[in-house]
Structures are given as C-alpha cells and as structure tokens.
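The values are calculated or read from the model by the stated rules, or taken from the named source; none is laboratory data. A quick note: this is a predicted structure, and the numbers were derived from the prediction, not measured. Cβ sites come from the backbone with ideal geometry, for glycine too, and all protein chains shown count toward neighbours. Each accessible area value is taken on the protein alone, full model and side chains, heavy atoms only, with ligands, DNA and RNA left out. Shrake-Rupley method; radii C 1.70, N 1.55, O 1.52, S 1.80 Å.
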Amino acid sequence: IRHFILTNTAFTRRNQSFGDKPTMTRTVFVNGAYVPENEAKISIFDRGFLMADGVYEVTSVLQGKLIDFEGHAVRLERSLNELDMGMPCTIDELLEIHRELVRVNEIDEGLVYLQITRGSDGDRDFAFPDPETTKPTLVLFTQSKPGMANSAASQKGAKIISIEDIRWGRRDIKTVQLLYPSMGKMMAKKVGCDDAWMVEEGFVTEGTSNNAYIVKGNKIITRGLSNDILHGITRAAVLRMAKEAQMEVEERSFTIEEAKEADEAFTTSASAFVMPVVEINGATMGDGTPGPIAKRLREIYLDESLKKAI
Ligand code: PMP
C-alpha cells in the first residue's frame, strides 16, 4: 500500500508539472466533445485498448492546412468497411473537426491523429458487440512539429536495417496493431539506425511506418499494392507526381540485395513526406548523402501538396 501511495503521488506531481506548461495542454476531440487533453476519457473496456480493434489516420498540416485530407478520408472509410465497423460521423464533419483542432491548437506544421475503435459495451468479449447498441469511439488530437517540412532528419537521410516481416496478413487495413512496427523501430535504434524495412519471403514489404522505394537511373521501383502493405496516401501522390515529372515508375517487389546496389533509396509517409535513405544494413547508398531523385521528389511533393492543401 505504501508503495502504491508513493508511486501515485509521484505520478500526480509529474502530471501537475506537465500541466504547468501551457503548451502541453492541447484541446482534443473525444466522442463529440472538444476537451482539454487531461480531461479526455474513454472506457477501460474500449476494444481499441483491449483488442487493438481500431483504425487510424494521420494527416499532416503545413502552413496550418491539411495535406491530402480526401485521400486519408477515403482510406479511413475503406479500413472501417473491411472490419465491419461503422463511421461515427460524416466525412464533412471529420474535416470540420480536423480544422477546428488545427485552429484551436494553433498548429502551423504538425499532424492530426484520428482513431476510431469499435467502442465498448462495458465488458470484454472476443465477439464484436452489437453495432446498434455499441457506438464506435472517435478520438482526434494534434501534434505540433515545427520545422517538419525542412527537417534535419530529411537533410541527413535515414539509416535502415532489415528485419523479418512477421505482421498479420491484412496490412492494407490501417489498424492500431503497431507493436511489431514499434519493436522494429527499437531494433533499428539499438544499432544506431533510424528505421527498419521489413522483408517477407526475401522481398521488402515496407518500412515500419512508411512505404519503401529504390531508384535505378531514372526509374523508381516500389512494391505493388496488395494486402501485404499499407496503400500509402503519400505513395499514391508521389508516384503520380513522379510520372508527371517524366520519371519512370515500376511497381514490383525488390530484395535488400538489390536495394543495396541501387543508385538511391527512400521512403514515403504522411508525417515524413519523402525521406531519403542513405544506408541499408551497413552499406552506404551512393556517397552517403540524400540522392538527387529523392530530394527532387520531396520538393515536388511538398510544393504540389501545399497548393492543394485545405
Ligand atoms: N506503411 C505503413 C506500415 C505505415 O504505417 C505508413 C504510415 N502510416 C505508411 C506505409 C505510409 O502511409 P501514408 O503515406 O498514408 O502515411
């Protein structure tokens, strides 16, 4: 009991000291209400918490505007559909919530995180609850990331290791089952690298939180779409823009050996845009600095996306 009281006191103090910093208190959205982050509540029986029974989206914000909101909304509807989960509100309402959170939290560069879970019927059960009586849980919050468009990490490029892909077979659904990707990121950090590419039956599937590419000459090579990878919103935009810029695009699988021999490599994601890769399993790519095609694609992507941002 003494231990419990001591640790709990420490916990309260820590929270109070966080609370003292006004920048730490975001306004978040939970099930219909805008509330301070430290007042936001969901049930301990929520299936997102108990079963990872939920999906999410991350939309980036540049100059206070949402990048490719429509792409994320379409993928969200698809993820929900694949899991027989209901949409808690309309896409227009979701857009309004995104914009309001960006406004009240004064986000210039950063992210809006959205999560929908199957909710809670007040107990734990493997069977899905009745959707008529159990409403999905909807949570959104912002993350401020000043300097995101011009990050030091993107100028340096990322060092990658490869790990076996042992995830489930529906990686096209953007679920919150992110334990293995988190472990992959930690395996990379442990050996002084930034991220991991996952490999299945000898071929790269994707990065822990991004799609993977190699470049040979003027050709960009990336794995084709299937249930094996997440259908990246940034991937779709970058491939379209690459074609518009007269680059060649080949959608096919590649191995780590082929990647090490390639001219360049990079990844794409909504939160890191186009990230050059400068090392794969200890082998330096080119001269060890971001390659020209990755740099150009990053510029084009940021320019074009900003023009259409809402
Ligand atoms: N693959 C995985 C496994 C991811 O987690 C992500 C980012 N969530 C991506 C690819 C990139 O997708 P997007 O461009 O839509 O962010």
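In a reduced charge model with +1 at each Lys and Arg Cβ and -1 at each Asp and Glu Cβ, the chain shows a dipole moment near 920 debye about its Cα centre. Pairwise Cα distances in the chain exceed 32 Å in 33 percent of cases.
Other residues whose C-beta falls under 13 angstrom from the C-beta of residue 107 contribute a net charge of +1, scoring Lys and Arg +1 and Asp and Glu -1.
Partner lysines whose Cα lies under 17 Å from the Cα of residue 185, excluding those fewer than 8 positions away in the same chain, are identified as 159. Note on segment 167-220: percent of Cα-Cα distances in each 10 Å bin, starting at 0 and stopping at the bin with the largest distance, equals 21, 49, 25, 5. Across segment 65-81, rounded Karplus estimates of 3J(HN,Hα) from the backbone phi angles (6.51 cos²θ - 1.76 cosθ + 1.60, θ = phi - 60°) give 10, 7, 8, 6, 4, 4, x, 5, 5, 5, 5, 4, 4, 5, 4, 4, 4 Hz, Gly and Pro being marked x. With N the number of residues in segment 37-78, Rg(Cα) / (2.2 N^0.38 Å) evaluates to 1.54. Short-range pairs are left out: with C-alpha atoms under 8 Å and at least six residues apart, the relative contact order of the chain is 17 percent. Packing-based ranking of 84-90, 120-126 yields 84-90, 120-126, ordered from highest to lowest mean Cβ neighbour count within 10 Å. Here the Gaussian network model covers the chain, with springs between Cα atoms less than 10 Å apart; of 48, 157, 147, 147 fluctuates the most. Here the Karplus curve 6.51 cos²θ - 1.76 cosθ + 1.60, taken at θ = phi - 60°, turns the phi angles of segment 174-180 into couplings of 7, 8, 8, 7, 10, 5, 5 Hz, with x standing for Gly and Pro. Cross-link partners of residue 65 among lysines, defined as those whose alpha carbon lies under 22 angstrom from its own and excluding same-chain residues fewer than eight positions apart: 145, 307, 308. Entry for segment 191-249 at q = 0.12, 0.14, 0.21 Å⁻¹: log10 I(q)/I(0) = -0.32, -0.43, -0.89, Debye formula applied to identical alpha-carbon scatterers, no solvent contribution. Legend: Rg and Dmax of segment 205-310, from Cα coordinates, 12.9, 41 Å. Considering only 70, 244, 37, the mean-square fluctuation computed in a Gaussian network model of the chain, springs between alpha carbons under 10 angstrom, is largest for 244.
Of all DSSP beta bridges confined to segment 99-226, the antiparallel ones make up roughly 75%. Note that segment 162-249 presents 44 Å² accessible area per residue, ligands and nucleic acids not counted, probe 1.4 Å.
When the alpha-carbon atoms of segment 149-274 are used, the pair Rg, Dmax equals 13.9, 39 angstrom. On segment 38-116, 47 percent of the accessible area sits on carbon and sulfur atoms, based on a 1.4 Å probe. Excluding same-chain residues fewer than 8 positions from residue 189, which aspartates and glutamates have a Cα within less than 15 Å of its Cα? List returned: 279. Considering only the Cα atoms of segment 143-188, their convex hull presents on average a projected area of 4.8 nm². Under the combined filter of DSSP loop state and at most 12 neighbouring Cβ atoms within 10 Å, segment 23-73 retains these trypsin sites (Lys or Arg not before Pro): 41. Shown in residue order for segment 241-258 are the 3J(HN,Hα) couplings computed by the Karplus curve 6.51 cos²θ - 1.76 cosθ + 1.60 at θ = phi - 60°: 5, 5, 5, 4, 8, 6, 8, 8, 10, 10, 9, 7, 6, 9, 9, 5, 4, 5 Hz (x for Gly and Pro).
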